[in-house]
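Data first, discussion second: the structure below is written as C-alpha cells.
The values are calculated or read from the model by the stated rules, or taken from the named source; none is laboratory data. These numbers were taken from a predicted model, which means no experiment stands behind them. All Cβ positions, even for glycine, are placed from backbone atoms using ideal geometry, and neighbour counts span all protein chains on display. Quick note on the areas: whole protein, heavy atoms, side chains included, nothing else; ligands and nucleic acids left out. Shrake-Rupley method; radii C 1.70, N 1.55, O 1.52, S 1.80 Å.
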Amino acid sequence: MTSKRLFTKLTLIPFEMFINAFPFFQREKVIWQLSKEQRMLLQDEWKRIKRRNGEVKINLQSNSKDLVRRIRAETKRYNKNNVTRTTAYLTFYNKHPEISWSFLAHMVSRNAGYFMSDLKGEFLPHILEEAFLTKLYDMLEKGNSMIFEDAYPQLLLYEESKRTGISLFHLSHHFNISPFIEGVWEIYIRQKDQGFLLPVAQIINEQSHIEKALVQTEEYKELLNSITYRLQEWLKLSQILFPTWPLKQSIGRNMNHFKNLDERIRLGQNLYSTLFQTQFATNIHRFANAIPHTGSRCDYDHNSFTAIYPSPDKFPKEKLSFFKVKNNTKIYSPFLLDVWKHNCSGPYLGSNWFVDEEYVLKKMKLVNKPSPSTWMTYWSGLHKIESVFLFNRYYKMLKKNRNL
C-alpha cells in the first residue's frame, strides 16, 4: 500500500484493457483463400484415399517396413518432452525451410514451455491452487505431445519423399495421420505452388486433432470450464510471444477461448501471418537459432528473469517498474526440466476427426487482424499478475496476524 509504484499499477492495467479493445474496431483481413481448382483437387484426393482405405491391405515391402519403423523410433525419440519437441521442429525447418509451418510449431511450442515453467515460477504457485496447476500442466504437456506425435511423422514422410522424388504419404495410416492432411500433402508434393494451402491445412489438422482427442474429453472439459481457468485467462497468462531484438519490437498474440476450436484455428492463422511478415521473420529465426530452448523466460530476457530460485523474502516485494524490473531484482522463471519431471510421450489413439468436408473447406483460408503492441500488453499482463500476487500475499499476512 505504501509502494511508490502504485501509479504504475493504476495506469498500466487499465491501459491494457483499453489497448486490448483496439482490435475489436479493426477488420479481419483475408490474405489467402482456397481456389475452386484447389477445392476440386482436394475433394478428388480425399475420395481416392477413402477408396484406398476401404480396400484390402497389402503387406508392406521390406523397405517400407524399415521406413515406418525408423519414423516411429525417431518420433518417439524426440517426443520425450517439450524441449526435445521444440528443438526437433526447428532442426527440421532449418533443413526444409519451404515447410514454414514447422517454424510456427517451434515458436508456439517454445511458448508452451514458457507457460508450463510459469506454473512453477515467481507468482502463480501463490495465486492458483497446486492441483489446478498440475492439471493445467498435464493438459498442456499432453497437447504438446499429441500434436508432435501426429505432425512429426508427416514431416519425416515429406523429407523422405523429397529425397526419393516419390510420394510416400500412402504410408500415412500407419501413423494415424488424418486423410484430410494426407490429401493436402499429396497435392503439395505434386505441385508445390499452392499458396498457403499446406500451412493453413496443418493448422486446421492439428487443432482439430487435439479438439477430439484432448479438449473434448470429460477430464479436460471440466478443467476448461472451471472458475480458476477463467481467472488465468483474465490474467493473460497464455500470451504467445515471438521474441526478437530489440525486445520491445517483439510480436505475438493473446490466446483466449482455448476451448473453442474455431478460435484456436483463427489464432493459428493470425500467428502464422504475423510470424512470417518480412520485417519480423528473419530476426525471430535468428533468435531461435541463437538461443536454445529451456522453457525459462530468461532465454529471451535475462535482464528481467532468472532461472535461479531466489531466497524467500519475509515480506513480499514489488519487483516490476513500467517496462522493466526494479534495480537488483529479477523474476523467477525456472528451467522447464528442473521443475516438471513427468512428461507425456504417447502413443495415442488416432482421433479420426475428419468427418465434415464442408466445415474444413470453409476454414481453408489465411486471415490477419491487427493486434495491439505485444510488448505493451505483455508487461501490463505481468503487472496484473504481480498485483494479484501481492494482494493475495498481504491478505494472508493480515489474516494470520489477526488470528494471533
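Per-structure values
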| quantity | calculated |
| --- | --- |
| Criterion: farther than 23 Å from Gln202 by Cα and aliphatic (A, V, I, L, M) - qualifying residue of Ala281, Ala307 | Ala307 |
| The listed residue being at pLDDT below 95 and either of a type in the set (D, E, K, R) or within 19 Å of the chain's Cα centre (by Cα) (or both), out of Glu129, Glu98 | Glu129 |
| Residue ranges of helices (runs of 4 or more DSSP H) in segment 299-404 with at least 3 members within 25 Å of the chain's Cα centre (by Cα) and loosely packed, with under 13 Cβ neighbours inside 10 Å | none |
| Flag if Lys259 is outside any helix (DSSP H, G or I) and either at pLDDT 95 or above or among the charged types (D, E, K, R) (or both) | yes |
| Among the candidates Leu336, Leu320, Leu382, Leu349, residue that is in contact (Cβ under 8 Å) with a residue 12 or more places away in the chain, hydrophobic (A, V, I, L, M, F, W, C) and within 30 Å of Glu28 (Cβ to Cβ) | Leu382 |
| Filtered residues of segment 171-216 (kept if more than 13 Å from Trp353 (Cβ to Cβ) and assigned to a loop (DSSP other than H, G, I, E, B)) | Gln191, Lys192, Asp193, Gln194, Gly195, Phe196 |
| Given (1) more than 20 Å from Ser380 (Cα to Cα); (2) touching a helix residue (DSSP H, G or I) at 6+ places or on another chain (Cβ under 9 Å), number of the condition Asp193 does not satisfy | (2) |
| In segment 45-88, the residues that are among the acidic types (Asp, Glu) and in contact with an Asp or Glu (Cβ under 7 Å, 6 or more places away or on another chain) | Glu45 |
| Residue count for segment 245-257, restricted to those that are under 15 Å from the mean Cα position of the chain (by Cα) and open to solvent by 30 Å² or more (accessible area, probe 1.4 Å) | 5 |
| In segment 179-192, the residues that are open to solvent by 10 Å² or more (accessible area, probe 1.4 Å) and closer than 19 Å to Leu349 by Cα | Pro179 |
| Segment 61-74 residues that are under 11 Å from Glu160 (Cβ atoms), paired with ones that are part of a loop (DSSP other than H, G, I, E, B) and modelled with pLDDT under 95 (beta carbon under 8 Å, 6 or more apart) | Val68/Leu60 |
| Flag for Gln279 being farther than 30 Å from Ser387 by Cα, open to solvent by 10 Å² or more (accessible area, probe 1.4 Å) and either at pLDDT 90 or above or in a helix (DSSP H, G or I) (or both) | yes |
| Segment 143-178 - residue that is among the small types (Gly, Ala, Ser) and either under 21 Å from the mean Cα position of the chain (by Cα) or surrounded by fewer than 20 Cβ atoms within 10 Å (Cβ to Cβ) (or both) and, of those, nearest to Glu211 (Cα to Cα) | Gly143 |
| Residue match in segment 189-212 (condition: β-branched (Val, Ile, Thr) and in contact with an Asp or Glu (Cβ under 8 Å, 6 or more places away or on another chain)) | no |
| Hey, Lys29 surrounded by fewer than 20 Cβ atoms within 10 Å (Cβ to Cβ) and either more than 21 Å from Leu197 (Cβ to Cβ) or touching a Phe, Trp or Tyr at 6+ places or on another chain (Cβ under 7 Å) (or both) or not | no |
| Selection within segment 193-211 - in contact (Cβ under 8 Å) with a residue 60 or more places away in the chain, within 27 Å of Tyr348 (Cα to Cα) and among the polar types (S, T, N, Q) | Gln202, Gln207, Ser208 |
| Any chance Leu6 is modelled with pLDDT of 60 or more and either within 24 Å of His170 (Cβ to Cβ) or of a type in the set (A, V, I, L, M, F, W, C) (or both) | no |
| Subset of segment 238-255 [closer than 13 Å to Asn270 by Cα and in a loop (DSSP other than H, G, I, E, B)] | Asn254, Met255 |
| Filtered residues of segment 164-192 (kept if without any contact (Cβ under 8 Å) to a residue 12 or more places away in the chain and of a type in the set (A, V, I, L, M)) | Ile166 |
| Per-region count, segment 16-53, residues out of contact with any Pro (no Cβ under 9 Å at 6 or more places or on another chain) and at pLDDT below 60 | 2 |
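Residues checked against (1) without any contact (Cβ under 8 Å) to a residue 12 or more places away in the chain; (2) surrounded by 20 or more Cβ atoms within 10 Å (Cβ to Cβ); (3) within 17 Å of the chain's Cα centre (by Cα); (4) under 18 Å from Ser102 (Cα atoms):
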position: Glu219; (1), (2), (3), (4): yes, no, no, no
position: Asn225; (1), (2), (3), (4): no, no, no, no
position: Arg230; (1), (2), (3), (4): yes, no, no, no
position: Ile240; (1), (2), (3), (4): no, yes, yes, yes
position: Pro243; (1), (2), (3), (4): no, yes, yes, yes
